[in-house]
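No value in this document is a laboratory result; all are computed from the given coordinates. Bear in mind the structure is a predicted one, so any value in this text is a computation, not a measurement. Quick reminder, even Gly has a Cβ in these numbers, built from the backbone with ideal geometry, and neighbours come from all protein chains shown.
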């Protein structure tokens, strides 16, 4: 026996030849229509993310106003109803100044201010409901009942969340 035959008998695995592996399968789509679909899906995803981030940044004034509203309501127990209503009136005015032009908001007071709030809210609760307490606040002294603060706070919260520019 020759040397290679002896080596194969001693180690049967030594004479095996490696099996050639198939080429790797590409994860990239093979047809042009599927490539276009993937590209459109990626573009749509990027556009949705950009839209979400812009909307999130554009509504940061709402988040700040809602946080301040929560702070005003937490500290309402230490204040009387009039000072709480004054704080809510200032909060609504500052929130409106954050989004609407100053030239539009600054001169408004009384019924004109309430009409503006109604038109930006698509309701009538400011001029005919609980929001009437905001008409001259904090510029004119008036009496606000303690029971009027909760509906006013709810109205202010809804306005902050849903007003439109």
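Sort 90, 69 so the one with the fewest other Cβ atoms within 10 Å of its own Cβ comes first.
90, 69
With an 8 Å cut-off on Cα pairs and a minimum separation of 6 or more residues, tell me the relative contact order of the chain in percent.
In percent, rounded to a whole number, it is 22.
Rounded to the nearest 0.05, what FRET efficiency do residue 59 and residue 37 have when you use their Cβ-Cβ distance and R0 = 35 Å?
0.60
Taking 0.36 nm per residue of separation and subtracting the Cα-Cα distance, what length does fully extending residue 122 through residue 27 add?
29.0 nm
May I ask you to compute the full-extension gain from residue 67 to residue 161, defined as 0.36 nm times their residue separation minus their alpha-carbon distance, rounded to one decimal in nm?
Between residue 67 and residue 161, full extension yields an extra 32.7 nm.
Could you state the angle between the C-alpha long axis of helix 32-58 and the longest principal axis of the C-alpha atoms of the chain, as a value from 0 to 90 degrees rounded to the nearest 10?
Orientation of helix 32-58: about 30 degrees from the principal axis.
Once the Cα atoms of helix 60-74 and of the chain are each reduced to a long axis, what angle between those two axes, in degrees from 0 to 90 to the nearest 10, is obtained?
60
If packing is taken as the average number of other Cβ atoms within 10 Å across a peptide's residues, how do 91-103, 123-135 rank, most packed first?
With the highest mean Cβ count within 10 Å placed first, the list reads 123-135, 91-103.
Give me the distance in nm between label points sitting 7 Å out from Cα along the Cα-to-Cβ direction at residue 18 and residue 49, one decimal.
With each label placed 7 Å out from Cα toward Cβ, I get 3.9 nm.
Which value in Å does the Kirkwood hydrodynamic radius of the chain take, with 1/r averaged over all unlike C-alpha pairs and then inverted?
Its Kirkwood hydrodynamic radius stands at 21.1 Å.
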